[in-house]
């Protein structure tokens, strides 16, 4: 039997947290969380974030990989990750 806990749809930033730390805690790429919340900089304490209900595996991009290789197409990569940017070391959702 697999235990499945509900994922909250909103989250209030706490002191010392970054967009990256919150995104990774929810199993999301930081770029997707930023895109879905219209953010261009790190949100501050008390900011309420909408948490996308995306599911998949987080992956760290290696040199030479493409959006097509990772997600099947550039459009699907953008849909899953909220960005067209792709670079080594980036955390993406497959």
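Please treat every number below as a calculation from the coordinates, not as lab data. As the structure is a prediction and not an experimental result, all values here were calculated from the model. Virtual Cβ from ideal backbone geometry, glycine too; neighbours counted across all protein chains shown.
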Computed FRET efficiency, Cβ-Cβ of residue 55 and residue 35, R0 22 Å: what is it to the nearest 0.05? 0.85
Over the chain, calculate the relative contact order: mean separation of alpha carbon pairs under 8 Å at least 6 apart, over the residue count, as a percent. 31 percent
Efficiency of FRET between residue 20 and residue 62 - r from beta-carbon atoms, R0 22 angstrom, step 0.05: 0.70
Whole-Å semi-axes of the chain's equivalent ellipsoid, largest first, each the root of 5 times a Cα gyration tensor eigenvalue? 23, 17, 12
As computed over the stretch 39-94, the Cα convex hull volume per residue (Å³): 99 Å³
